[in-house]
């Protein structure tokens, strides 16, 4: 859901009146920080799921751990 809201906000800003360069840079930094924070939280939560919950979402333990070990800046 955050991804959709972020994409909608960025597409709106690209079609609206151009922002000053500093504002554009600040916005991109804020969006990137939000994405990284979300990745960090979800990967941490993924690492804590038990085998039953992993089966519910269709993941094997090894795949989940590989994803959880990825750094937050890795998409």
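On the given criteria, is residue 51 modelled with pLDDT of 90 or more and in contact with a helix residue (DSSP H, G or I) (Cβ under 7 Å, 6 or more places away or on another chain)? So residue 51 fits the description; yes. How many residues, within segment 6-29, are within 21 Å of the chain's Cα centre (by Cα) and surrounded by 11 or more Cβ atoms within 10 Å (Cβ to Cβ)? Total satisfying the criteria: 10. Residue pairs whose Cβ atoms lie under 7 Å apart, sitting 6 or more positions apart in sequence or on different chains, and linking a residue in segment 40-53 that is under 12 Å from residue 67 (Cα atoms) to a partner that is in a loop (DSSP other than H, G, I, E, B), are 40/72; 43/70.
The values are calculated or read from the model by the stated rules, or taken from the named source; none is laboratory data. These figures come from a predicted structure and were not determined experimentally. Because the Cβ atoms are built from the backbone with ideal geometry, glycine has one as well, and the counts that use them run over all protein chains shown.
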